[in-house]
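The values are calculated or read from the model by the stated rules, or taken from the named source; none is laboratory data. Given the structure is predicted, the values throughout are model-derived calculations rather than measurements. Here Cβ is always computed from backbone atoms with ideal geometry, including for glycine, and neighbour counts include all displayed protein chains.
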Amino acid sequence: MVKREMVKRGTVKRGSVKRGMITGALVALLASTFAACGTEPAARSAPEADASPAAASSASSSASPSAKPSASAKPKPKPKPSPTSGPRLFGKSDSGDNVRDLQARLKQIGWYSADVTGFYGNVTTEAVSGFQGKRGIAVTGFVDQTTLDRLYAMTREPTEAELTNAPPPVPEGKLDPRCMSGRVLCIDKSTSVLRWVIGGTVQTSVEVRFGSQELPTREGQFSVFAKSRDHVSTIYKTPMPFAMFFSGGQAVHYSPDFAANGYNGASHGCVNVRDYDAITSLYNQVNVGDGVVVYWS
């Protein structure tokens, strides 16, 4: 009897332990599950059951959404007024020094690429319109005081060369001693200038372009060994008008590409000239056997 009592008590004890372990594990599992669901909403206190009607009404009204606009709401920006123009000073179909000055100044800042003519035509109108639109000025195509003031603030007084479309002066440079006697095409790489020198006196100066780093123009003292007025390169199949050869396939010649694109490019090793009239005159003066000196000053 005593033995069965002990066993029964032991069984109950073991069962209680098991149920207690299961219940505890279930509670822990539920707690961890809900804790992982996300941030809980902020707790809101409900009115007590025995609270007065006024208190309940107050609590209810505080829970209702506010009718006031959010403090973070920003008012819509007011539209900017469209720019207005001032009185017309000059514009399409006008001509004169004012127009010439206008075109030269627009050319300084890249809004006008044609020759300065002094006549206000379609090209000038387009240039002025583009300048006005870029600066937030009323786009009219004609010049008012606002447009003129802004243009003057961005430019300088045009030079005589700019007003008359004259080429810029060729930069001066130091003649190599090897150019001081005889007839020599003296080609200075440091200033990109070719000088035609006779007896130490410069006869003509022209701007030139040279080969790239991969295909450089050779330096040294040479002589003209061949001339070809309408030459075409057998390697690159490109025209080389008024070619005067001085070192292998390298020659002084006219370059349409140099004339069109300037120094935004390079030759295949030749000395390019972009002034057509100058190279024509030079070709007629230079003889086979005349000297060529390519150097850095």
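From the list R209, R218, R195, which one is in contact with a helix residue (DSSP H, G or I) (Cβ under 6 Å, 6 or more places away or on another chain), at pLDDT 95 or above and in the same structural domain as G291 (by TED's automatic domain parsing)?
Sole residue among the options that is in contact with a helix residue (DSSP H, G or I) (Cβ under 6 Å, 6 or more places away or on another chain), at pLDDT 95 or above and in the same structural domain as G291 (by TED's automatic domain parsing): R209.
Among (1) out of contact with any helix residue (DSSP H, G or I) (no Cβ under 9 Å at 6 or more places or on another chain); (2) over 30 Å from G220 (Cβ atoms), where does T140 come up short?
(1)
Grab the strands (runs of 3 or more DSSP E) fully contained in the stretch 176-231, keeping just those with 2 or more residues being closer than 22 Å to A259 by Cβ and of a type in the set (A, V, I, L, M).
Of the strands (runs of 3 or more DSSP E) lying wholly inside the stretch 176-231, those with at least 2 residues that are closer than 22 Å to A259 by Cβ and of a type in the set (A, V, I, L, M) span 183-188, 193-198, 201-209.
Does G248 satisfy being at positive phi, surrounded by fewer than 19 Cβ atoms within 10 Å (Cβ to Cβ), in the same structural domain as R195 (by TED's automatic domain parsing) and more than 31 Å from the chain's Cα centre (by Cα)?
Answer is yes for this residue.
With respect to the numbered conditions (1) without any contact (Cβ under 8 Å) to a residue 60 or more places away in the chain; (2) assigned to a strand (DSSP E or B), which one is the sole condition not fulfilled by V294?
Unmet condition: (1).
Here are the criteria: (1) under 18 Å from L185 (Cα atoms); (2) in a loop (DSSP other than H, G, I, E, B); (3) not charged (D, E, K, R). Tell me which single one L282 does not satisfy.
That leaves (2) as the condition not met.
How many residues, within the stretch 98-117, are buried (at least 18 other Cβ atoms within 10 Å of the Cβ) and in a loop (DSSP other than H, G, I, E, B)?
Residues in the stretch 98-117 being buried (at least 18 other Cβ atoms within 10 Å of the Cβ) and in a loop (DSSP other than H, G, I, E, B): 3 in total.
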